[in-house]
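What follows is a set of notes on a single structure, which appears directly below.
The values are calculated or read from the model by the stated rules, or taken from the named source; none is laboratory data. Just so you know, these numbers come straight off a predicted model, no measurement behind them. Here the Cβ positions follow ideal geometry from the backbone for every residue, glycine too, while neighbour counts run over all protein chains shown.
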Amino acid sequence: MTNENIFLREFPIYKESMIKILTLMISDDYEELVKNKLAYPSTANEYRVAVNEFAHLSGFVQMTQIPDDVLEDTEVFSLKGDRVNKNTIEVQLWFDDSESDLYAVFCAPINASKLLHLYDIRVM
């Protein structure tokens, strides 16, 4: 399997979908994300607990939108191999208008930007 950073030239095709997903996360509407296949394989409650537990333990009040200039620096990684053929994007989540150590991992099949979805939430 090879990992290739395809930088900003690929990000604009994902930006609209990513902002939609982040907006639903901020409004705590994880059921909508899962129902519309914008978040999987975890359940709505698993995503919610990951975000809320992190916020609580870190002293944050609320997840907030990532500034546009920060999103513009997002990198897209292409993963290709025998069993994998997708683009991944890791985005640092913001709480109370500050960056945090919590990241959202988004995935989409290569050449299928409309299928971008939240895959995982992890502390880095």
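Quick one: Ser42 ticks every box in (1) part of a loop (DSSP other than H, G, I, E, B); (2) at pLDDT below 95 bar one, so which box is it?
Against the list (1) part of a loop (DSSP other than H, G, I, E, B); (2) at pLDDT below 95, Ser42 comes up short only on (2).
Before we move on, is Ala104 modelled with pLDDT of 90 or more, surrounded by 16 or more Cβ atoms within 10 Å (Cβ to Cβ), assigned to a helix (DSSP H, G or I) and of a type in the set (Gly, Ala, Ser)?
Considered against the rule, which asks whether it is modelled with pLDDT of 90 or more, surrounded by 16 or more Cβ atoms within 10 Å (Cβ to Cβ), assigned to a helix (DSSP H, G or I) and of a type in the set (Gly, Ala, Ser), Ala104 comes out as no.
Yes or no: segment 83-90 includes at least one residue that is closer than 19 Å to Phe11 by Cα, without any contact (Cβ under 8 Å) to a residue 60 or more places away in the chain, touching a Ser or Thr at 6+ places or on another chain (Cβ under 9 Å) and among the hydroxyl-bearing types (Ser, Thr, Tyr).
Yes: segment 83-90 contains one or more residues that are closer than 19 Å to Phe11 by Cα, without any contact (Cβ under 8 Å) to a residue 60 or more places away in the chain, touching a Ser or Thr at 6+ places or on another chain (Cβ under 9 Å) and among the hydroxyl-bearing types (Ser, Thr, Tyr).
Taking segment 79-97 as the search range and keeping residues that are within 15 Å of the chain's Cα centre (by Cα) and over 23 Å from Ile26 (Cβ atoms), which one is surrounded by the most Cβ atoms within 10 Å (Cβ to Cβ)?
For segment 79-97, the residue satisfying everything is Asn87.
Considering only segment 66-101, state which residues are assigned to a strand (DSSP E or B) and among the hydrophobic types (A, V, I, L, M, F, W, C).
Residues satisfying the conditions are Val76, Phe77, Leu79, Ile89, Val91, Leu93, Trp94, Phe95.
Out of all the residues in segment 95-103, is one or more within 16 Å of Lys15 (Cα to Cα) and in contact (Cβ under 8 Å) with a residue 40 or more places away in the chain?
No, there is no match, as no residue in segment 95-103 is within 16 Å of Lys15 (Cα to Cα) and in contact (Cβ under 8 Å) with a residue 40 or more places away in the chain.
Kindly evaluate Phe54 against the criterion of being under 18 Å from Arg122 (Cα atoms) and part of a loop (DSSP other than H, G, I, E, B).
Numbers: under 18 Å from Arg122 (Cα atoms): yes; part of a loop (DSSP other than H, G, I, E, B): no.
Considered against the rule, which asks whether it is under 18 Å from Arg122 (Cα atoms) and part of a loop (DSSP other than H, G, I, E, B), Phe54 comes out as no.
Quick one: what pairs do we get from segment 27-40, first residue in contact (Cβ under 8 Å) with a residue 60 or more places away in the chain, second part of a loop (DSSP other than H, G, I, E, B) and exposed (fewer than 15 other Cβ atoms within 10 Å of the Cβ), C-beta under 9 Å, 6+ apart or different chains?
Leu33/Tyr40
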